[in-house]
1. If you take the beta carbon distance between ARG197 and LYS111 as r and set R0 to 35 Å, what does 1/(1 + (r/R0)^6) give as a FRET efficiency, to the nearest 0.05?
2. For MET67 and LYS130, what is the calculated FRET efficiency with R₀ set at 25 Å and r taken between the beta-carbons, to the nearest 0.05?
3. Evaluate the Debye formula for the range 86-206 with equal point scatterers sitting on the alpha carbons, no solvent, and hand back log10 of I(q)/I(0) at q = 0.12, 0.17, 0.21 Å⁻¹, in q order, two decimals.
4. Along the range 81-90, what does the Karplus equation 6.51 cos²θ - 1.76 cosθ + 1.60 (θ = phi - 60°) give for ³J(HN,Hα), rounded to whole Hz, x for Gly and Pro?
5. Under a Cβ-only charge scheme (Lys and Arg +1, Asp and Glu -1), can you give me the dipole magnitude of the range 55-165 about the Cα centre, in debye to the nearest 20?
6. If we sort 123-134, 97-108, 181-192 on the protection proxy, mean other Cβ atoms within 10 Å, highest first, what's the order?
7. What residue among ASN162, LEU74, HIS193 has its Cα farthest toward the positive end of the dipole of the range 57-210, where the charges are +1 on Lys, Arg and -1 on Asp, Glu, each on the Cβ?
Amino acid sequence: MTLERFGASTISNAVLLASALALATGCDDEPAKKGSATTTTAIAVATATATATASAPAAVTTTPRVMPPRPVPLGSSGPIQPSAPAEQQMMAIQYTIAMVSPQPTDALVDKGYVADIVKKLEVAARTADKGKTPANPAKATKGNRKLEVELGKGCTEKTPSNLIAQRAGSSLKAAFDAGVLVVMCHDDKWECHQSTRDAGDVLCLAAPRH
């Protein structure tokens, strides 16, 4: 009998059957001596993954900024009147303190920027004042995190941002990037605190000058 009678497909099927039997026999004879190539590869992949996971740096987590209760909703500047309940006045004080408290991710203070902007705010105060400007009207406080501008009259919720942006040639963002967190104006009746972190976060409260 010749191979031609079987045909190519018959020979191919016979080869596949022989290969399958050989693999089955091999698995029965050596179940745990050397392990199959697939098992070895799986172990190598698992080991590499575990090593990479162990050596990877821990994810950096940031704590959300927590603020005390605001006496009026965000977007409203108040003002908190002298006749307001004592609880509301205390909330205003606590909130303005929190506004100037730095977070771990805030920029370090750029002392060069602060020194320059204080000089510009002194000039801005005198040109914007609607009353008699006190001596030395601008200064940095709270570790240079707060810029305070003293006016005779005319401190409103818009005054701090106008002073720094329109009259001092800077901006709230530039101040924030330099580590300044609050710009404040104060006249004979009011003080208004403008956050540089959030342009919509302004709070005014009664603070008569003594």
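The numbers here are math on the coordinates, done by the rules we state, and not lab data. Small disclaimer: the values here were computed from a predicted structure and weren't measured. Cβ sites come from the backbone with ideal geometry, for glycine too, and all protein chains shown count toward neighbours.
1. With R0 = 35 Å, the Cβ-Cβ based efficiency is 0.95.
2. That gives a FRET efficiency of 0.20.
3. For the range 86-206, the Cα-only Debye profile gives -0.38, -0.77, -1.16.
4. Values, residue by residue: 6, x, 8, 5, x, 4, 4, 5, 5, 5 Hz.
5. Roughly 220 debye for the range 55-165.
6. 181-192, 123-134, 97-108
7. My answer, from the dipole projection, is ASN162.
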